[in-house]
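Undergrad: Structure in structure tokens, see below.
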Amino acid sequence: QVQLVESGGGLVQAGGSLRLSCAASGRTVSSYNMGWFRQSPGKERELVAIVRWSSSTYYADSVKGRFTISRDNAKNTVYLQMNSLKPEDTAVYYCAQDKRPRNNAKSDFGSWGQGTQVTVSS
């Protein structure tokens with residue numbers, strides 16, 4: 001069983017930056033697809049970015065060019081660097097891990113962190 005703990009959220013002005021961290025324990029992040037999701041009030045949870053166990057990445061169109069997902073295997077931590085933040089990026093951000101290691105098919109996220117709030121003021 002993995003435990004995922006997010007941190008780094010907060011209040012920032014539009015155009016600013018934040019870096020979210022997701023510290024994992026119990027399973028290595030390097031062997032699993034890891035994702036960041038977000039959910040704002042009244043909206044469904046949406047996928048933001050994925051770093052696959054192979055190190056390839058995926059980004060939602062809404063964040064492409066502004067957000068960067070990365071992984072530090074030594075620290076067993078996944079990051080989401082968020083630049084040029086917009087008010088519409090305001091949400092609770094969740095880290096997630098795929099159910100299966102070394103999954104080359106579509107990711108199937110089964111473990112979730114508790115979330116960290118990101119608020120972007122205009």
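The values are calculated or read from the model by the stated rules, or taken from the named source; none is laboratory data. Given the structure is predicted, the values throughout are model-derived calculations rather than measurements. Positions of Cβ are generated from backbone atoms using ideal geometry, with glycine treated the same way; all protein chains shown enter the neighbour counts. Protein only, heavy atoms only, side chains kept; ligands, DNA and RNA dropped before computing areas. Shrake-Rupley method; radii C 1.70, N 1.55, O 1.52, S 1.80 Å.
Undergrad: Could you work out the relative contact order of the stretch 59-121, using alpha carbon pairs under 8 angstrom and six or more residues apart, expressed as a whole percent? Write down the numbers at each step before the final one.
TA: Details: 76 pairs, mean separation 18.2, N = 63.
Reported relative contact order: 29 percent.
Undergrad: Expressed as a whole number of Å, what is the distance separating the alpha-carbon centroids of the stretch 1-52 and the stretch 82-99?
TA: 6
Undergrad: Can you compute the FRET efficiency between residue 64 and residue 28 using 1/(1 + (r/R0)^6), with r the Cβ-Cβ distance and R0 = 22 Å? Round to the nearest 0.05.
TA: Details: r = 27 Å, r/R0 = 1.24.
Computed FRET efficiency for residue 64 and residue 28: 0.20.
Undergrad: With a 1.4 Å probe and all protein chains left in place, how much of the accessible area of the chain comes from carbon and sulfur atoms, in whole percent? Mind showing how you got there, number by number?
TA: Values: 2860 of 6290 Å².
Ligands and nucleic acids excluded, carbon and sulfur reach 46 percent.
Undergrad: Continuing with the same structure: Using 0.36 nm per residue, how much length does the chain from residue 5 to residue 100 gain when fully extended, once their Cα-Cα distance is taken away? List each step's numbers first, then the result.
TA: Numbers: separation 95, 0.36 × 95 = 34.20 nm, distance 1.93 nm.
Working it through step by step, the gained length comes to 32.3 nm.
Undergrad: Using the beta-carbon distance between residue 88 and residue 56 and R0 = 25 Å, what value does 1/(1 + (r/R0)^6) give for FRET efficiency, to the nearest 0.05?
TA: Working: r = 26 Å, r/R0 = 1.06.
For R0 = 25 Å, the calculated efficiency reads 0.40.
Undergrad: OK, next. Run the numbers on the chain and let me know its relative contact order in percent, using alpha-carbon pairs under 8 Å that are six or more apart.
TA: That works out to 36 percent.
Undergrad: Sticking with this structure for a sec: Please count, across the chain, the pairs of lysine residues with Cα atoms under 22 Å apart that sit 8 or more places apart or on different chains. Walk me through the intermediate numbers first.
TA: Numbers: 43/64; 43/86; 64/86; 64/106; 75/99.
Going through the chain pair by pair, I get 5.
Undergrad: Binned at 5 Å from 0, what are the whole-percent values of the Cα-Cα distance distribution for the stretch 4-110, short to long?
TA: 2, 13, 25, 26, 19, 10, 5, 1
Undergrad: Another question about this same structure. Only sites in a loop by DSSP and with at most 14 other Cβ atoms within 10 Å count here; which trypsin sites (Lys or Arg not before Pro) in the stretch 58-104 make the cut?
TA: Working: sites: 64, 66, 71, 75, 99, 102; in loops: 64, 66, 75, 99, 102.
When the trypsin sites (Lys or Arg not before Pro) of the stretch 58-104 are filtered for loop state and at most 14 Cβ neighbours within 10 Å, 64, 75, 99, 102 remain.
Undergrad: Same structure again: Could you compute the FRET efficiency for residue 43 and residue 13, with r as their C-beta to C-beta distance and R0 at 25 Å, rounded to 0.05?
TA: Details: r = 22 Å, r/R0 = 0.89.
For residue 43 and residue 13, the calculated efficiency is 0.65.
Undergrad: Probe of 1.4 angstrom, ligands and nucleic acids ignored: what's the accessible area per residue over the chain, in square angstrom? Provide the component values of the computation, followed by the final result.
TA: On the way: 6290 Å² over 122 residues.
Dividing the accessible area of the chain by its residue count gives 52 Å².
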